[in-house]
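Below is one structure, written out as structure tokens, with a few remarks after it.
The values are calculated or read from the model by the stated rules, or taken from the named source; none is laboratory data. None of the values given here were measured: they were computed from a predicted structure. For neighbour counting, all protein chains shown are included, and Cβ atoms are generated from backbone atoms with ideal geometry for every residue, glycine included.
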Amino acid sequence: MYHLLPSRPAPLALALLLAHALPQHAAHAQASEAATAAQAKTATLAPVLVTGSRISRLQAEGPSAVTILKSADLDRLGYRNVAEALAALTENSGFTQGEDYGNTWQPAANAISLRGLGPNRTLFLLNGRRIADYPTAYGGQVNFVDTSSIPSAMVERIDVLSGGASAIYGSDAIAGVVNVILKKNVQGHSLNLRAGGSQLGGGENARLQFVSGLNTQRLNAVFGLELSGREPIWDHQRKPFDDSTAFGADPTPVFGRRNASTQKWIAPPAEACQDLGGLFQGSVSAFTSKNGVYCGSGRARSSFWTNQTGKRSANASAVLSLDLSEGHSLVAEALLGQTQTFQNTRGPNWTSESRVGQKGYFRNANSGALETWSRRISPEEIGGAERYNRNWYDRSYNLALGARGEIGPNWNYEAAVNSSRYVSNTATPTFLAQADSFFLGERLGVDGKGVAQYAPDTQRLYRALTADEFNSFVGSSKRHNSSYSHNLTVQLNGELLPLPGGSLKSAFVAELGRQGYLNQADPRLGQNYFYSDTPTPDVGGDRKRAALGAELSAPLTRWLTSTAAARYDHYKFSQRSDSNTSVKLGLEARPSASLLLRGQYATSFRAPDLNYIYSEVSKGYYPASTDYYRCAQQGLEFDSKCEFADLAPGFNYASYASKNLKAEKGKSWNLGLVWAPSRELDLSLDFWKLAISDQIDDLSADQILRNESACRQGKKDIGSPLCVDALQRVKRNAPDAAVRPNAVTEIITNPVNIADTRTHGFDLSGSYNYRSERWGQLGLRAKFSRVLSYVYQANPGDPSINQIGSHDYEGWSNRLNASVNWKLGAWSHTLAAQRNGRVSSPSNDSDWFGPFWHFNLSTGVELSRATRIGLSINNLLGDIRYDRNTGARKTSYYLPYGRQAWLELTHRFGD
């Protein structure tokens with residue numbers, strides 16, 4: 001059903017589109033002649049189905065713009081994989097964490113955030129069909145599709161439609177749609193080998209791709225295989241991340257003993273730090289801080305931290321079409337993948353009595369004081385940092401089987417069932433329950449306040465371990481996560497009746513679907529087996545859906561076309577049901593062969609994330625929150641001095657599921673033009689606007705703390721439902737606690753339909769092609785996206801604030817992609833440039849980071865018609881960007897790898 005689209009980075013006017021769609025001999029005609037010839041050839045040309053529409057048509061440009069990435073673009077523009085190419089889109093203006101970001105919920109997966117609206121509001125399709133979500137929720141909260149699960153070997157092109165598309169595709173398409181189209185017609189066989197690494201060390205990588213086509217009178221088949229692997233890049237391989245003291249920070253405590261009541265360090269034994277100086281690459285030494293002396297190291301973190309994950313993957317695919325009779329065929333698709341990802345953050349770190357239910361400190365029977373002991377264990381003690389790697393073993397499959405054909409002269413049908421599943425098994429090194437006794441000795445019971453007592457030997461703390469000793473109190477925690485998506489789709493499209501400008505075209509669709517997930521924790525949790533022994537229940541759930549939709553394309557005149565679509569979706573989940581109706585209205589005006597004017601209005605929705613509905617609890621951490629109650633006790637209420645009084649620390653939070661959530665509602669508008677005055681030049685300008693209401697978000701922790709403070713002070717009726725709720729949501733230490741009395745320990749929240757977001761901006765793109773017998777072919781491409789406003793309202797009644805230009809905006813307000821391609825004889829060269837607008841400083845919310853340029857270069861030569869070799873350089877200038885004040889970095893904005901390069905060999909045979 002999804003056939004090859006004319007594929008250029010910038011939109012084309014009607015004349016250029018038809019020139020690409022015509023057979024090769026007609027593609028060299030003038031634009032005006034192509035437009036006339038197109039009508040005569042409509043009956044013999046294969047239909048083109050555009051992402052964002054189910055109606056087959058030759059005029060691929062519709063009422064909304066579609067960005068197209070061809071398979072050749074991925075390597076030519078210097079992208080490492082599909083995920084990196086999608087992340088570089090100018091429409092991808094939102095910040096997302098990914099597999100190289102660090103200690104996140106999904107360091108083995110990647111996501112995008114079209115228009116900055118979050119990874120869960122972009123619908124991701126494979127050949128126009130839904131696939132399974134990544135089994136672990138993004139940020140522990142929302143569901144998303146892993147963009148790194150798609151191998152580039154079988155990709156024909158990637159269509160990206162920004163804006164609401166629920167009238168065509170149903171739920172999730174609020175911000176837009178990404179549709180990955182697999183290759184369906186390949187002649188002969190192709191072998192591609194690539195290998196490379198980074199200039200500064202680490203990141204060695206290799207890839208093998210094999211694609212083969214089989215074409216007979218009745219059978220068309222394409223098979224693909226991709227094997228790839230890469231080594232990690234460690235922080236200790238990159239300056240300045242190799243030493244945390246490079247920017248004035250104190251060394252990380254490695255051997256630490258602290259008085260829990262005063263928070264002062266207790267000095268280590270004489271010469272202890274010196275004797276242990278060989279650990280962490282010889283960096284351990286005594287350090288005198290404002291709170292005392294401890295043994296520390298500036299390399300304690302960098303010795304273990306990976307800023308690029310290691311990865312091994314194998315993917316296989318097949319796409320088959322078997323003709324049964326004239327006009328009817330069976331289709332089958334399969335995409336299978338297996339990946340191992342390994343990553344490390346922080347390394348093994350023990351803190352006394354920090355298990356659940358304990359207080360992080362103990363009573364030292366030898367000193368009589370409340371003490372906290374801590375110990376960071378070095379790579380030299382455990383046989384290398386790899387010993388403490390976290391591992392993800394992922395498997396996925398996407399299968400589809402269907403039939404398609406013709407019904408009469410003007411109608412086509414397709415019926416298909418597809419099944420998709422994603423399984424992720426994780427293995428995480430974890431301290432066992434006996435870790436405390438290893439360092440502290442046997443527990444001596446508790447004191448009068450219920451605090452655990454020990455009589456530890458300090459020599460047990462201040463000495464290097466052997467690998468056997470380390471292995472005696474470290475095991476591995478296992479976790480099994482899975483998700484699935486099963487769908488049945490029947491669609492019919494064709495011509496209804498003649499109109500003044502042509503035939504009224506239509507498409508009708510009926511869908512049934514079911515999706516679900518299951519997260520299974522290690523069954524040994526809660527059995528006093530692991531050190532952090534939190535009982536974790538298995539969680540999961542599913543939902544069913546049914547949908548009916550229709551779409552019309554009406555050529556009102558020869559130059560004016562109107563489009564309309566409507567769709568009804570019905571969902572069943574958690575013993576309740578919900579339904580939504582979405583509409584789309586579009587208009588295309590072509591007053592001349594070189595000009596297209598277009599506009600569209602659409603409504604959209606997103607059914608509540610399954611994780612929001614079924615998860616028992618998602619735990620996380622607010623980096624900074626103000627304790628308004630303790631501020632008020634010190635006369636500092638609502639005063640910035642709270643921060644300096646150590647009353648704005650980070651707080652833990654727990655977010656519980658909510659089964660009564662409603663669907664989010666979205667609206668989108670776009671208005672644009674495409675101008676192609678010649679075959680060499682085309683330009684486009686599109687203005688867009690998106691709005692979301694009933695947006696699902698967690699209750700504001702800040703507002704909960706404000707309400708709790710007002711209730712405790714008597715400013716609100718403490719018996720009111722608001723106060724009863726607020727007091728239950730803020731958990732505190734007891735007023736007479738030995739350490740941090742009355743301090744907040746946890747904030748309880750839950751998702752609600754409470755927020756609203758509105759954003760608007762524009763996209764500007766263009767391309768120019770020049771041909772010369774002497775100088776060859778020169779192609780220029782550019783696209784610029786600008787977010788003019790991003791207005792977020794967290795709660796009804798709160799002010800609606802435009803975050804663009806402020807430090808609250810988590811994304812780029814503008815992005816530019818540009819490329820120059822020059823082909824002369826057997827040689828071809830491409831220089832690709834990306835400019836990312838400034839973002840808020842990672843360490844100082846009154847400063848800015850950027851803007852920055854990023855360049856990729858690729859060059860290659862065809863040794864023969866069958867063989868080509870090439871060289872690609874990613875990050876040509878070798879920039880490593882970070883906050884020069886603290887060394888902090890925003891990995892998802894600017895990758896800290898430095899310059900990387902790889903050689904590539906492609907050989908075709910059997911044509």
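Just a yes or no: is a residue in the stretch 360-369 outside any strand (DSSP E or B), outside the structural domain of GLU406 (by TED's automatic domain parsing) and buried (at least 20 other Cβ atoms within 10 Å of the Cβ)?
yes
Just for the stretch 182-191: of the residues that are crowded, with 20+ Cβ neighbours inside 10 Å and touching a His at 6+ places or on another chain (Cβ under 9 Å), which one is modelled with the lowest pLDDT?
Only one residue tops the list, namely LYS184.
So, THR563, is that one of a type in the set (S, T, N, Q), under 28 Å from SER166 (Cα atoms), in the same structural domain as ALA416 (by TED's automatic domain parsing) and not in a loop (DSSP other than H, G, I, E, B) or not?
When the stated conditions are applied, THR563 passes them.
Can you find a residue that is in contact (Cβ under 8 Å) with a residue 12 or more places away in the chain, in a strand (DSSP E or B) and buried (at least 21 other Cβ atoms within 10 Å of the Cβ) anywhere in the stretch 320-328?
There is no residue in the stretch 320-328 that is in contact (Cβ under 8 Å) with a residue 12 or more places away in the chain, in a strand (DSSP E or B) and buried (at least 21 other Cβ atoms within 10 Å of the Cβ).
Going by the structure shown, is ASN143 farther than 20 Å from SER604 by Cα, touching a helix residue (DSSP H, G or I) at 6+ places or on another chain (Cβ under 8 Å) and either assigned by TED's automatic domain parsing to the domain that holds TYR894 or modelled with pLDDT under 95 (or both)?
It is false that ASN143 is farther than 20 Å from SER604 by Cα, touching a helix residue (DSSP H, G or I) at 6+ places or on another chain (Cβ under 8 Å) and either assigned by TED's automatic domain parsing to the domain that holds TYR894 or modelled with pLDDT under 95 (or both).
So, in the stretch 229-271, exactly how many residues are in contact (Cβ under 8 Å) with a residue 12 or more places away in the chain, assigned to a loop (DSSP other than H, G, I, E, B) and within 28 Å of GLN459 (Cβ to Cβ)?
9
Among the residues of the stretch 827-845, is there at least one that is among the small types (Gly, Ala, Ser) and in contact with a Pro (Cβ under 8 Å, 6 or more places away or on another chain)?
Yes: the stretch 827-845 contains one or more residues that are among the small types (Gly, Ala, Ser) and in contact with a Pro (Cβ under 8 Å, 6 or more places away or on another chain).
Return the residue satisfying two criteria in turn: it lies in the stretch 733-751 and is at pLDDT below 90 and part of a strand (DSSP E or B), and of such residues it is nearest to ARG115 (Cα to Cα).
It comes out as PRO751.
For every residue, the table says whether it meets (1) more than 29 Å from VAL539 (Cα to Cα); (2) among the aromatic types (Phe, Trp, Tyr); (3) at pLDDT below 85; (4) not in a loop (DSSP other than H, G, I, E, B).
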{"position": "HIS25", "(1), (2), (3), (4)": "yes, no, yes, yes"}
{"position": "GLU33", "(1), (2), (3), (4)": "yes, no, yes, yes"}
{"position": "THR44", "(1), (2), (3), (4)": "yes, no, yes, no"}
{"position": "PRO47", "(1), (2), (3), (4)": "yes, no, yes, no"}
{"position": "SER53", "(1), (2), (3), (4)": "yes, no, yes, no"}
{"position": "TYR79", "(1), (2), (3), (4)": "yes, yes, no, no"}
{"position": "ALA83", "(1), (2), (3), (4)": "no, no, no, yes"}
{"position": "GLU99", "(1), (2), (3), (4)": "no, no, yes, no"}
{"position": "ARG115", "(1), (2), (3), (4)": "yes, no, no, yes"}
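Would you confirm, using the coordinates I've provided, whether ARG218 is buried (at least 16 other Cβ atoms within 10 Å of the Cβ), of a type outside the set (A, V, I, L, M, F, W, C) and more than 28 Å from THR351 (Cβ to Cβ)?
Spelling it out, it is not the case that ARG218 is buried (at least 16 other Cβ atoms within 10 Å of the Cβ), of a type outside the set (A, V, I, L, M, F, W, C) and more than 28 Å from THR351 (Cβ to Cβ).
Check the stretch 392-411 and report whether any residue there is in a loop (DSSP other than H, G, I, E, B), touching a residue at least 60 places away in the same chain (Cβ under 8 Å) and within 27 Å of ASN349 (Cβ to Cβ).
no
Among the residues that make up the stretch 721-730, is at least one of them in contact (Cβ under 8 Å) with a residue 40 or more places away in the chain, outside any loop (DSSP other than H, G, I, E, B) and polar (S, T, N, Q)?
No, every residue in the stretch 721-730 fails to be in contact (Cβ under 8 Å) with a residue 40 or more places away in the chain, outside any loop (DSSP other than H, G, I, E, B) and polar (S, T, N, Q).
Considering the stretch 761-774 alone, what residues qualify as being surrounded by fewer than 19 Cβ atoms within 10 Å (Cβ to Cβ) and touching a strand residue (DSSP E or B) at 6+ places or on another chain (Cβ under 7 Å)?
Passing the criteria: PHE762, LEU764, TYR768, ASN769, TYR770, ARG771.
Please state which one of ASP578, ASP542, ASP569 is in contact with a His (Cβ under 9 Å, 6 or more places away or on another chain) and crowded, with 16+ Cβ neighbours inside 10 Å.
Result of the check over ASP578, ASP542, ASP569: ASP578.
Output the residues belonging to the stretch 652-666 that are surrounded by 17 or more Cβ atoms within 10 Å (Cβ to Cβ) and either at pLDDT 90 or above or closer than 24 Å to GLY599 by Cα (or both).
Result: LEU661, ALA663, GLU664, LYS665, GLY666.
Among SER64, SER93, which is the only one that is assigned by TED's automatic domain parsing to the domain that holds GLU414, in contact with a Gly (Cβ under 8 Å, 6 or more places away or on another chain), among the polar types (S, T, N, Q) and at pLDDT 90 or above?
The conditions single out SER93.
Table: residues versus (1) farther than 30 Å from ARG363 by Cα; (2) outside any strand (DSSP E or B); (3) out of contact with any Gly (no Cβ under 7 Å at 6 or more places or on another chain).
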| site | (1), (2), (3) |
| --- | --- |
| ASN471 | no, yes, yes |
| SER477 | no, no, yes |
| TYR484 | yes, no, no |
| GLY494 | yes, no, yes |
| LEU497 | yes, no, yes |
| LEU504 | yes, no, yes |
| GLY513 | yes, no, yes |
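Select from the stretch 700-714 the residues that are modelled with pLDDT of 90 or more and of a type in the set (D, E, K, R) and write down the one among them that is nearest to the chain's Cα centre (by Cα).
This residue is GLU708.
What are the residues in the stretch 789-804 that are modelled with pLDDT of 90 or more and out of contact with any Phe, Trp or Tyr (no Cβ under 7 Å at 6 or more places or on another chain), if any?
Once the filter is applied, which keeps residues that are modelled with pLDDT of 90 or more and out of contact with any Phe, Trp or Tyr (no Cβ under 7 Å at 6 or more places or on another chain), the stretch 789-804 yields SER789, VAL791, TYR792.
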